[in-house]
Amino acid sequence: MSIYFVNKFLYTIDRSPEWVAAYKNDPRGSVDRWEEEVGQWLQPAERTTWLSFTPDEREALATHDYVWLFEHGAHFFLNLTLFIALYDEEYAERSGPLSFQREMADKLSPWLGQEYPSVGL
């Protein structure tokens, strides 16, 4: 897993309401667009050509598979905050406060008592 690149995606998407909305409405298109427009830039004047998502990472991001991302080393906090931004409001309307967080905790519950996947580069 290109942990740095996935974490950069989670972080930069979550910082922008426009990207959050785009990612919610068109996840696959947003992943592709982000990779081209944002992901390759290290600084405003410095671009890299060696960073890219693996096919599995691309699919997990495109399908909002936060469990797969966690299990493969995405930073838990970055993963959590982005998916709260995507789903919290609609889950709260349907099932009350913190309902998305409870669902995420449920889906990650097999990890209780185990060592979490490394978030190291």
Quick one: would you say Ile13 is surrounded by 14 or more Cβ atoms within 10 Å (Cβ to Cβ), at pLDDT 90 or above and closer than 21 Å to Pro117 by Cβ? yes
Which count do you get for residues in region 74-99 that are without any contact (Cβ under 8 Å) to a residue 40 or more places away in the chain and under 15 Å from the mean Cα position of the chain (by Cα)? 6
Quick check, is Arg33 exposed (fewer than 15 other Cβ atoms within 10 Å of the Cβ), in a helix (DSSP H, G or I) and not β-branched (Val, Ile, Thr)? no
Mind checking whether some residue in region 82-98 is at pLDDT 95 or above, in a helix (DSSP H, G or I) and aliphatic (A, V, I, L, M)? yes
Which residue out of Ser2, Ser52, Ser16 is closer than 17 Å to Ile84 by Cβ and of a type in the set (Gly, Ala, Ser)? Ser16
Conditions (1) more than 15 Å from Leu10 (Cβ to Cβ); (2) outside any helix (DSSP H, G or I); (3) modelled with pLDDT of 90 or more; (4) not β-branched (Val, Ile, Thr); number of the one not met by Lys107: (2)
Of everything in region 49-78 that's among the small types (Gly, Ala, Ser) and modelled with pLDDT under 95, which residue is surrounded by the fewest Cβ atoms within 10 Å (Cβ to Cβ)? Ser52
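The values are calculated or read from the model by the stated rules, or taken from the named source; none is laboratory data. The model shown is predicted, which means the values in this text are computed figures rather than measured ones. All Cβ positions, glycine included, derive from the backbone under ideal geometry; neighbour counts span all protein chains shown.
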